[in-house]
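Student: Before I ask anything, here is the structure I am working with.
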């Protein structure tokens, strides 16, 4: 893995703000990986390319999904803001030569999450929300929580995301609800309240 190669591609493929966001997610993911015992190189790479699909229009992503034979669920098909994750993940082998299934899955699920997320998937999901360029009410609390509990921070992040989606009147992906419920159930099983 040569991150410089991917950085050059992303610099021309993404707009400036999204490019800086991708660098921030990569660095944050690598830091979280070091803290929680995941592969730092994979975390950095997945964070770096997590928004590769955002370099394309929703119409292009929809056409590409059809050409690739991707089976998009109803919510992803209806909410164009979600398309970049699964289609972007599917593009990684052909466009960037990234074939690592763990990296591809982390990219595919970085917007919705899912029940049974791997350590790498949780790290990229969280890094996307707490990287240094992010600014929203509660982000500093999420960053602090991420220093002490990955599970707790992911639970707080998905709950914040669900609340934001509901406030904006968008379709809520069932995978986000499943992630929240599985984390909450796991926390309760282990004696925590939340």
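The values are calculated or read from the model by the stated rules, or taken from the named source; none is laboratory data. Small disclaimer: the values here were computed from a predicted structure and weren't measured. Backbone-built Cβ (ideal geometry, glycine too); neighbour counts: all protein chains shown.
Student: Is it the case that residue 86 is at pLDDT 95 or above and within 21 Å of residue 165 (Cα to Cα)?
Tutor: yes
Student: Scan the stretch 120-140 for residues that are closer than 23 Å to residue 2 by Cβ and in a loop (DSSP other than H, G, I, E, B) and jot them down.
Tutor: 131, the sole residue that qualifies.
Student: Please list, ordered by first then second residue, the pairs with beta carbon atoms under 6 Å, 6 or more apart or interchain, first in the stretch 102-131 and over 17 Å from residue 156 (Cβ atoms), second not in a helix (DSSP H, G or I).
Tutor: 107/50; 119/38; 120/38
Student: Using the structure shown, decide if residue 20 is in contact (Cβ under 8 Å) with a residue 40 or more places away in the chain, closer than 26 Å to residue 148 by Cβ and not in a loop (DSSP other than H, G, I, E, B).
Tutor: So residue 20 does not fit the description; no.
Student: Got a number for residues in the stretch 161-173 being in contact with a helix residue (DSSP H, G or I) (Cβ under 7 Å, 6 or more places away or on another chain) and in a helix (DSSP H, G or I)?
Tutor: Adding up the residues that qualify gives 2.
Student: While we're here: How many residues does the stretch 98-119 hold that are under 25 Å from residue 160 (Cβ atoms) and assigned to a loop (DSSP other than H, G, I, E, B)?
Tutor: 10
Student: Which number in (1) in contact with a helix residue (DSSP H, G or I) (Cβ under 7 Å, 6 or more places away or on another chain); (2) part of a loop (DSSP other than H, G, I, E, B); (3) modelled with pLDDT of 95 or more marks the one condition that residue 148 misses?
Tutor: For residue 148, the exception is condition (1).
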